[in-house]
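Take a look at the structure set out below.
The values are calculated or read from the model by the stated rules, or taken from the named source; none is laboratory data. Nothing here was measured: the structure is a model prediction, and the numbers come from that model. Don't worry about glycine lacking a Cβ; one is built from the backbone with ideal geometry, like all the others, and counts go over all protein chains shown. All accessible areas refer to the heavy atoms of the entire protein, side chains included, with ligands and DNA or RNA removed. Shrake-Rupley method; radii C 1.70, N 1.55, O 1.52, S 1.80 Å.
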Amino acid sequence: MMNTLRETTTSLPMPLTTGLAIFDLDDTLLDGDATGLWTDWQIQQGWIKDGDEYRAIWTRQMEDYMAGNLDMEDHLEHLLSPLIGRNVAAVTAEVEYFIEAELIPRLFSEGLERIAWHQAQGHQVVIISASTAQLVAPLAKRLGVDAALATALEIDKDCYTGQATGIRTFRDGKLDALKAWQAEQLPAQTDMRMQPCWGYSDSRNDLPLLEFVDHPYAVRPDPCLAAIAHERDWQTLHWQSRAR
């Protein structure tokens, strides 16, 4: 029987909160790209046989991402190929080492402070990332946030199949995943937009999400998002200090 690595971590009931803060991960909370760092890690562990070829494809795909032209299905096929047939528990253990060694030291202290501020206000905090769930969910748990929304991975007989499943948390998919999660959290009679929302991202690809929230923030934005933020008078944040 196949199952999936779910997109979300469980959370407090949303009606008990006074707002919602939504954070992108890569190049927003994190100084770098979690998936790119994970790629390097897998090459070092011998999980990817031809590291040069794999990196070359990755680099081309990241150029497409920056230009707003990434084919997400092609990207996921490439990205998940090293996990085909790998035991979930073994990958989870390796991810824990990876998070501690590569991701935690690259988190921006200003981002962690902003998360803490929202939590102190009674806001729910959600990380929504185009990076996949096996990386995003355990990091979000380490940070103590309420939920992680990320593309789910298909599992068969306790091993990864190398396929993604469910909502792809990329561009409009991030907003789709958020609305689906909110629908699960809220009673049917509650309007999800009654609570104020904050959104933080670096990328033009997150424009649908930033347009959805009440308080959008461009964090270390790419040139396209920087121009949009300037035109629309959105606040721009220049986080620099790593937490470690």
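Checking each residue in segment 146-155 for being open to solvent by less than 20 Å² (accessible area, probe 1.4 Å) and either over 26 Å from I22 (Cβ atoms) or not in a strand (DSSP E or B) (or both) picks out only I155. Among the candidates G85, G68, the residue that is in a loop (DSSP other than H, G, I, E, B), surrounded by fewer than 14 Cβ atoms within 10 Å (Cβ to Cβ) and at pLDDT 95 or above is uniquely G85.
In the set D206, D158, only one residue is among the acidic types (D, E) and open to solvent by less than 10 Å² (accessible area, probe 1.4 Å); that residue is D206. Every condition in (1) open to solvent by less than 50 Å² (accessible area, probe 1.4 Å); (2) of a type in the set (A, V, I, L, M, F, W, C); (3) without any contact (Cβ under 8 Å) to a residue 60 or more places away in the chain is met by A120 except one, and the failing one is (1).
Just to be sure, is A140 surrounded by 20 or more Cβ atoms within 10 Å (Cβ to Cβ), part of a helix (DSSP H, G or I) and either at pLDDT 95 or above or of a type in the set (V, I, T) (or both)? It is true that A140 is surrounded by 20 or more Cβ atoms within 10 Å (Cβ to Cβ), part of a helix (DSSP H, G or I) and either at pLDDT 95 or above or of a type in the set (V, I, T) (or both). Taken over segment 198-228, residues that are without any contact (Cβ under 8 Å) to a residue 40 or more places away in the chain, in a loop (DSSP other than H, G, I, E, B) and over 22 Å from W117 (Cβ atoms) amount to 0. Condition check for T165 on (1) touching a strand residue (DSSP E or B) at 6+ places or on another chain (Cβ under 7 Å); (2) open to solvent by 50 Å² or more (accessible area, probe 1.4 Å); (3) over 26 Å from E113 (Cβ atoms); (4) not aromatic (F, W, Y): one failure, at (2). Looking across segment 168-182, the residues that are closer than 22 Å to Q61 by Cα and open to solvent by 50 Å² or more (accessible area, probe 1.4 Å) come down to R168, R171, D172. Pairs are defined by a Cβ separation below 7 Å, a sequence spacing of at least 6 or placement on different chains, a first member in segment 64-75 that is among the small types (G, A, S), and a second member that is not in a loop (DSSP other than H, G, I, E, B); the pairs so defined are G68/R204; G68/N205.
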